[in-house]
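Working notes for the structure below.
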Amino acid sequence: MRIAGAALNQIPFDWTHNLRVIREAIEQAKAAGVELLCLPELCLTGYGCEDLFLSDWLPEQALAHLQQIRPWTEGICVVVGLPVRLQHRTYNTAAVLRDGQILGFAAKQFLANDGVHYEPRFFHPWPAGETSTVAWEGEEWTLGDMIFEHQGVKFGFEICEDAWRPDNVRPACRLQGRVDLIVNPSASHFAMSKTDLRYQLVLRASRNFNCTYLYANLLGNEAGRITYDGEILVARNGHLLLRNQLMSFKEVDMECVDVDFTVPLEPVSLDAIDPLPAPDEYRELNQALSLALFDYMRKARSRGFVLSLSGGADSCLCAVSVAEMVRLGTTELGTAEFMRRSGCFTAEEIETLAGPVAPTPDQNTPGPKDASLTDPDEQQKAINKQLTHRLLTCAYQGTVNSSDDTFNSAKELADSIGAVFYNWEIDQEVSGYVGKIQHALNRELSWKTDDLALQNIQARVRAPAIWLLANVQNCLLITTSNRSEASVGYCTMDGDTAGSISPIGGVDKDFVKKWLRWAQTELGYTALSHVNNLQPTAELRPLEEKQTDERDLMPYIILNRIERLAFYDRLSPQQVLAILVEEESAIDPELLKTYVKRFYSLWSRNQWKRERYAPSFHLDDYNVDPRSWLRFPILSGGYTEELANL
């Protein structure tokens, strides 16, 4: 049997879009001779509908729209994910359709309730071994723990989280010996290095349960924060039969493979499972960030991005990410299709830049030839710079405390990628606000008595002009905060945190610095040499003070380690300090104690800032966003007793 998975890039309760993409996947599968097609979890509604899953109307609409899919399934068996509501409870289900008929609904038995997931808020787990019925306009179908058959091949289901439970409780343990195929429609979020876990999960399941295992994940930035990598895996008895390229810019990535179910399965040792090559997290981040930005831009119906480019590490990474979005997108889709999908260009602009020939999905179509550029790669680079010029506007907003180093870093990077670059000073605005407060208080403000306030006003004054520029151009304003800054509140609310989207809010500062060095050498962004030779600094104090982030806080590598131990491993301050003393034997234990106290104190008093950050992308295996991964009280005891006991 030729079986397939299709990764789909969907939008929460956008029925027109979601049905169009589903139909395209089915048509592609039919054209390829596929007999059984698995679409991802909740692909009809989108996975990220949040509390709408608790309504009566959304599941009702999903069931009504499922009827539109029925005639598309003539000659093929298709799995479609959708919510179903029974007796005021919503269930996460996979409908099986064939030849225009609905054969039944398999229901998810285990719900994800860790990390970014809050599924028990929306759904009820389905009891193992039980079934019920679903009715719609006089028709009735079975729903629950079911086994299906297609062309003599019996198959059952694990839906995403079902497969991540122990082997002795997951649905597969009851399907073993009863089915030839286990189908897993998933909405498994992206995190760096996570693909290796999924690979092992699928191969081991196919071996442990003596079956063929078909896995299909959602694709793209569906709802704003979470990105899905579109992974499709097929394994048989511990052997990989199919694995696709992740992070596609396509709306549909359909992959198929032939499986001979008549061949008996022989027991295979776990040692026979080949490991994946070690993941390249720098490349993974690049692909995920590029796709997340592209989807966010087009789904928000914006015209591009605006960025306050300081020349520092964080803003430089954000600028390069937009350029990489263009490069990776045009490479996969072709220039014309990338421009069309972005929604930022007119038909005339597309024809002018990409040429009149429509691209195929896997062909990069060059635009009009520049007589001075004979190399096709150089021609495409020139086109990509023009696209970046349209999609990214940068501004350097200097003060008397800004250095030539950061200005040169910002300007050369913007010029090298083709971004629009503006340069203006904000000293007059700063002086105006300082003068008003000095007059009101009837005293001078000084660095000795008002240090933080004078730092903050510079960052805060930068916000109105850059917001105005973004509004005028109908663009998304990027804010550049990283996870390390978010942890300790090293930022100015309504200043450097102002923005529509915070792309790197889930990435720590040490990784940001390492990524930029990788991008300079591996991706060829030579203009990054400036920022890669600078110490991270806010440049808010007078230049003679030589302000740096790590002098204000602590070494970032220590900060990141404390953060992970405290909130990923969930250890107490005393446990964190004990581990640091053991790991960092070259550092004075008293200094480590100071760092631990500083971290927890800053963390506790700055939860209100984390509550107000612009939406950030989930990119690592954890983040500190209270709306997606880590909840913490705004007001608390602040670890007072715990830190005193150190």
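The values are calculated or read from the model by the stated rules, or taken from the named source; none is laboratory data. Since the structure is predicted, the reported quantities are computational estimates derived from the model, not experimental observations. A quick note on method: Cβ atoms are made from the backbone with ideal geometry, for glycine too, and the neighbour counts reach across all protein chains shown. Surface accessibility is based on the protein's heavy atoms, side chains included, excluding ligands, DNA and RNA. Shrake-Rupley method; radii C 1.70, N 1.55, O 1.52, S 1.80 Å.
Please tell me if Ala6 is open to solvent by 20 Å² or more (accessible area, probe 1.4 Å) and modelled with pLDDT of 95 or more. Spelling it out, it is not the case that Ala6 is open to solvent by 20 Å² or more (accessible area, probe 1.4 Å) and modelled with pLDDT of 95 or more. Screening Leu454 with (1) in a helix (DSSP H, G or I); (2) buried (at least 21 other Cβ atoms within 10 Å of the Cβ) gives one miss only, at (2).
Of the residues making up the range 22-55, those that are under 19 Å from Gln245 (Cα atoms) and open to solvent by less than 20 Å² (accessible area, probe 1.4 Å) number 6.
Of the residues that make up the range 219-228, is at least one of a type in the set (S, T, N, Q) and touching a Lys or Arg at 6+ places or on another chain (Cβ under 7 Å)? Within the range 219-228 (the criterion being of a type in the set (S, T, N, Q) and touching a Lys or Arg at 6+ places or on another chain (Cβ under 7 Å)), the answer is no, since none of the residues qualifies. All of Gly48, Gly100, Gly115, Gly129 fail the test of being over 22 Å from Ala31 (Cα atoms), without any contact (Cβ under 8 Å) to a residue 60 or more places away in the chain and of a type in the set (Gly, Ala, Ser), apart from Gly129. Is it true that Ser484 is at pLDDT 95 or above, hydroxyl-bearing (Ser, Thr, Tyr) and within 20 Å of Phe599 (Cα to Cα)? When the stated conditions are applied, Ser484 passes them.
Scanning the range 498-524 for residues that are open to solvent by 30 Å² or more (accessible area, probe 1.4 Å) and more than 20 Å from the chain's Cα centre (by Cα) yields Arg517, Gln520, Thr521, Glu522, Leu523, Gly524. Residues in the range 244-284 that are touching a Ser or Thr at 6+ places or on another chain (Cβ under 9 Å) and within 25 Å of His189 (Cβ to Cβ): Leu246, Met247, Phe249, Leu276, Ala278, Pro279, Glu281, Glu284. Residue-level check: of (1) in contact with a helix residue (DSSP H, G or I) (Cβ under 9 Å, 6 or more places away or on another chain); (2) within 29 Å of Leu468 (Cβ to Cβ); (3) surrounded by fewer than 21 Cβ atoms within 10 Å (Cβ to Cβ), Asn532 misses just (2).
Residues in the range 117-149 that are part of a loop (DSSP other than H, G, I, E, B), open to solvent by 40 Å² or more (accessible area, probe 1.4 Å) and either touching a Phe, Trp or Tyr at 6+ places or on another chain (Cβ under 9 Å) or at negative phi (or both): Tyr118, His124, Pro125, Pro127, Ala128, Glu130, Asp145, Ile147.
Here is a check on your reading of the model: is Gly398 within 24 Å of Cys318 (Cα to Cα), open to solvent by less than 70 Å² (accessible area, probe 1.4 Å) and in contact with a Lys or Arg (Cβ under 7 Å, 6 or more places away or on another chain)? So Gly398 fails the test.
Scanning the range 87-116 for residues that are closer than 30 Å to Gly506 by Cα, among the charged types (D, E, K, R) and either in contact with a Lys or Arg (Cβ under 7 Å, 6 or more places away or on another chain) or buried (at least 19 other Cβ atoms within 10 Å of the Cβ) (or both) yields one hit, Lys108.
Of all the criteria given as (1) out of contact with any helix residue (DSSP H, G or I) (no Cβ under 7 Å at 6 or more places or on another chain); (2) open to solvent by 10 Å² or more (accessible area, probe 1.4 Å); (3) under 14 Å from Ala4 (Cβ atoms), the one not satisfied by Met254 is (1).
Every condition in (1) closer than 30 Å to Asp280 by Cα; (2) open to solvent by 20 Å² or more (accessible area, probe 1.4 Å) holds for Lys597 except the one numbered (1).
Exactly one residue out of Ile226, Ile232 is open to solvent by 10 Å² or more (accessible area, probe 1.4 Å), of a type in the set (Val, Ile, Thr) and touching a residue at least 24 places away in the same chain (Cβ under 8 Å): that is Ile226. Residues in the range 558-576 that are surrounded by 16 or more Cβ atoms within 10 Å (Cβ to Cβ) and outside any helix (DSSP H, G or I): Leu571 only. Those strands (runs of 3 or more DSSP E) of the range 209-294 in which 2 or more residues are within 24 Å of Ser342 (Cβ to Cβ) and of a type outside the set (S, T, N, Q) occupy 219-221, 227-229, 252-258.
State whether one or more residues within the range 376-390 are surrounded by fewer than 19 Cβ atoms within 10 Å (Cβ to Cβ) and at pLDDT below 55. So far as the range 376-390 goes, no, none of its residues is surrounded by fewer than 19 Cβ atoms within 10 Å (Cβ to Cβ) and at pLDDT below 55.
Within the range 163-182, the only residue that satisfies the criterion of being closer than 30 Å to Arg283 by Cβ and surrounded by 21 or more Cβ atoms within 10 Å (Cβ to Cβ) is Ala163. Scanning the range 64-86 for residues that are assigned to a helix (DSSP H, G or I) and open to solvent by 20 Å² or more (accessible area, probe 1.4 Å) yields Ala64, His65, Gln67, Gln68, Arg70, Pro71, Trp72.
Can you go through Ala7, Ala62 and tell me which one is within 25 Å of Val153 (Cα to Cα), touching a Pro at 6+ places or on another chain (Cβ under 9 Å) and of a type in the set (A, V, I, L, M)? Result of the check over Ala7, Ala62: Ala7.
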